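The values are calculated or read from the model by the stated rules, or taken from the named source; none is laboratory data. Only a predicted model underlies this, so the values are computations on that prediction, with no experimental measurement involved. When we count neighbours, we look across all protein chains shown, and the Cβ atoms used for this are built from the backbone with ideal geometry, even at glycine. Please note that ligands, DNA and RNA were not included when accessible areas were found on the heavy atoms of the full protein model with its side chains. Shrake-Rupley method; radii C 1.70, N 1.55, O 1.52, S 1.80 Å.
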Amino acid sequence: MPRVTLTSANPARLSADALVVAVAQTGEGRPPRLLAADWLPADLAASLTDLATPLGVTGAADQVRAVPATGLKAKLVVLTGVGALDDGATPEPEALRRAAGAALRELSGVETVAVVLPAADAEQVAAVTEGALFGAYSYTRYQTGEAKAPVASIEFVTPRATDKAATAALARAEVLAAALHGVRDLVNAAPNDLFPAAFADAAKTAIKDSGAKGLKISVLDEKQLAAGGYGGLVGVGQGSVRPPRLVKVSYTPSKPQAKVALVGKGITFDSGGISIKPAAGMDAMKSDMAGAAAVLHTVIAAARLEVPVAVTGWLCLAENMPSGSAQRPSDVLTIRGGKTVEVLNTDAEGRLVMADGLVAAVEEKPDVVLDIATLTGAQLVALGPRVSAVMGTDAVREEVVASAGASGEQFWPMPLPKDLRPGLNSKVADIANISDRFGGMLTAGIFLQEFVGSTPWAHLDIAGPAYNEKSAFGYTPVGGTGVGVRTLLALIEGRAGR
């Protein structure tokens, strides 16, 4: 993570390798508008405005251009686009996050950066600092050659540099960025290194390294899972030589105002089992544990921020592999609590491990339970790779949507139609793990609903947004994205009245 500070110094006098300035799209035939003109020497501001069109700078979102600096201590001026903006208007927080993130992502390998994006109040300071820190990330664990490191030091220019609200926004941004980076690191790890037991060990290390108070962790191994009736985890994990784990991570403040449970899907590699997936694209299935990673780092972030809400996370960890010991289509599993499931497709395994986790979570009587999972390919078909789905109890579903909007993530509310439930009927068990082809995202949610009883609940399907297989954009790198952490944390903070 970069070193970060707030400053109200004149940016022209800051010694930095690069000075980041925002530009906005204006009307047709007009040059882009420089958003930090008042902070820069007049001649430099005029020069940058004049150069914009010849340099092809439009101010479009994600566009980043570097020009030599003159009249500054900085070596380089970096222009980053915030998208279309009416005269006199200020960018929305997410536009600032994305612009700051795009610039810092492009500046990997640079040592020091000064950021001169609009930061006139705490909300803008939060957006700019979050975006920059989200973008200042790279994953180099397996690269033996010289790799570009993220920016080492960032100064954020704001007239509110000494305000308590601004410094609090920066501190929260650091915690949030650390959580996103932690999720990305887990998702990007190779599955031969990150298997269920290794994930459990990584969770222990992350908790210890966080230094946060009130955190505890416990791990159930395969023998304890079998003895405890966790048939979903045992069934999914039995085809692998690396057995499953259920990790419980809890944060308990001194006077909790609410009690929230989080359940995360942690399939460390999903081959599909005996219902094996096609070879094309299977490499991305190392990301099938992104939900569990998000849960782990959300709990840690809540503890680091000392949110007065008790949060318990359940990481449902297994590796779904085909072998002589793997579960078969037509096997019947008994989930924690006694409900039986006929396995018609071993590639619908996430809902089986999540069922165990949901039952365990509900047993502790939380105020609300939220599960997050890379659950269905149908989510991608319905909403694409950047918009996640949420379904569940009406009030909780809307709470998730509102939390996502406030934090800059995209979650779209989806229904749980009662007429789809008969498709999950089984001839031999209480329920089957798949239904017809159509409405697959919804029937997966309906399946999970069977295991929460009357507890207020929401299911977050992040199958597409959890792993970016295409080009980087804004503050989002290629690979693990860290999606879900911001929404879950915002919801938890909302339960505390923050």
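Whole-Hz Karplus values for the range 11-25 come out as x, 5, 9, 7, 7, 8, 6, 8, 10, 9, 10, 8, 10, 10, 5 Hz, taken residue by residue from phi with 6.51 cos²θ - 1.76 cosθ + 1.60 and θ = phi - 60°; glycine and proline positions read x. Cα centroids of the range 52-90 and the range 198-250: 48 Å apart.
In the full protein context, the range 351-498 carries 38 Å² of accessible surface per residue, based on a 1.4 Å probe and ignoring ligands, DNA and RNA. When each of the peptides 110-123, 308-321, 81-94 is scored by how many other beta carbons lie within 10 Å of its residues on average, the order from highest to lowest is 308-321, 110-123, 81-94. Above 17 angstrom, tally the Cα pairs of the range 316-437 and express them as a % of all pairs, no decimals. Percentage above 17 Å: 66.
By the scheme Lys and Arg +1, Asp and Glu -1, what is the net charge of all other residues having a beta-carbon under 10 Å from that of Tyr251?
Values: positive: Lys213, Lys216, Arg304; negative: Glu306.
Every neighbour counted, the sum reads +2.
Evaluating 6.51 cos²θ - 1.76 cosθ + 1.60 at θ = phi - 60° for every residue in the range 52-62, the Karplus couplings come out as 4, 5, x, 7, x, 7, 10, x, 5, 4, 6 Hz, glycine and proline recorded as x.
Taking every protein chain into account, the accessible area of the range 193-311 amounts to 38 square angstrom per residue (probe 1.4 Å). Over all distinct Cα pairs, what is the inverse of the mean 1/r for the range 36-144, reported as the Kirkwood hydrodynamic radius in Å? Kirkwood radius, the range 36-144: 14.8 Å. Using the alpha-carbon centroid of each, what span in Å lies between the range 437-498 and the range 126-154? Cα centres, the range 437-498 to the range 126-154: 24 Å.
Over the chain, all Cα pairs binned in 20 Å intervals from 0 give whole-percent P(r) values of 24, 51, 22, 3, listed from short to long. A 1.4 Å probe run over the range 1-133, with the rest of the protein chains in place, finds 43 Å² accessible per residue. Need one word for the range 423-498: rounded, prolate or oblate. Basis is the Cα gyration tensor (sqrt eigenvalues a ≥ b ≥ c); a/c below 1.5 gives rounded, then a/b vs b/c decides. Oblate, since a/c reaches 1.5 and b/c is not below a/b. For Lys259, the lysines whose Cα falls under 27 Å of its own Cα, not counting residues fewer than eight places away in the same chain, are Lys204, Lys208, Lys213, Lys216, Lys248, Lys339, Lys365. Relative contact order for the range 295-360 using alpha-carbon pairs under 8 Å, separation at least 6, rounded to a whole percent? The value is 28 percent. When the Cα convex hull of the range 350-498 is projected onto planes of every orientation, the mean area is 9.3 nm². Kindly provide log₁₀ I(q)/I(0) values, in the same order as q = 0.19, 0.20 Å⁻¹, from the Debye equation applied to equal alpha-carbon scatterers of the range 235-305. With no solvent term, the Cα-only Debye profile gives -0.84, -0.89.
Each listed q (0.20, 0.24 Å⁻¹) maps to a log10 I(q)/I(0) for the range 1-61 from the Debye sum over equal C-alpha point scatterers, namely -0.84, -1.06. Let me have the relative contact order for the chain, percent, based on Cα pairs under 8 Å that are six or more residues apart. Here the relative contact order equals 15 percent.
I'd like the chymotrypsin sites (Phe, Trp or Tyr not before Pro) in the range 388-458 restricted to DSSP loop residues with at most 11 other Cβ atoms within 10 Å, sorted by number. List each step's numbers first, then the result.
Numbers: sites: Phe411, Phe438, Phe447, Phe451, Trp457; in loops: Phe438, Phe451.
For chymotrypsin sites (Phe, Trp or Tyr not before Pro) across the range 388-458 that sit outside H, G, I, E and B with at most 11 neighbouring Cβ atoms in 10 Å, the list reads Phe438.
Coordinate range of the alpha-carbon atoms in the range 88-211 per principal axis, descending: 53, 32, 22 Å. In this simple spin-label approximation, Lys73 and Asp201 carry label points 7 Å from Cα along the Cα→Cβ vector, and these lie 4.6 nm apart.
At 0.36 nm per residue, minus the direct Cα-Cα distance, what do Ser254 and Ala120 gain on full extension? Give it in nm, one decimal, please.
Numbers: separation 134, 0.36 × 134 = 48.24 nm, distance 3.52 nm.
So the chain would gain 44.7 nm between Ser254 and Ala120.
Plainly put, the range 79-135 has a radius of gyration that is 0.97 times its Kirkwood radius, both from alpha-carbon atoms, as the Rg/Rh ratio.
Annotation for the range 346-396: GluC sites (Glu not before Pro) lying in DSSP loop with at most 16 further Cβ atoms inside 10 Å of their Cβ are Glu364.
Converting phi to 3J(HN,Hα) with the Karplus coefficients 6.51, -1.76 and 1.60 and the offset θ = phi - 60°, the range 462-476 yields 10, 3, x, x, 6, 9, 8, 8, 9, 6, 5, 8, x, 8, 9 Hz in sequence order, with x at every glycine or proline. Only helices enter the 222 nm calculation for the chain: every DSSP H run of n ≥ 4 contributes -39,500 (n - 2.57), and dividing by all residues gives -10500 deg cm²/dmol, rounded to 500. Most tightly packed first, judged by the mean number of other beta-carbon atoms within 10 Å of their residues, the peptides 268-278, 415-425 read 268-278, 415-425. A Förster distance of 51 Å, applied to the separation of the beta-carbon atoms of Lys418 and Ser323, puts the FRET efficiency at 0.85.
What separates the Cα centres of the range 14-36 and the range 292-342 is a distance of 46 Å. Given their separation in residues at 0.36 nm each and the Cα-Cα distance between them, Met282 and Thr140 gain 49.0 nm when the chain is fully extended. Amide H to amide H distances under 5 Å link Phe156 with Thr5, Leu6, Thr7, Val115, where only residues 5 or more positions off or on other chains count and H is placed in the peptide plane.
Averaging over all projection directions, the Cα-based convex hull of the range 139-288 occupies 13.7 nm² in the image plane. Nonpolar atom fraction for the chain, defined as the carbon and sulfur part of the 1.4 Å probe accessible area, stands at 52 percent.
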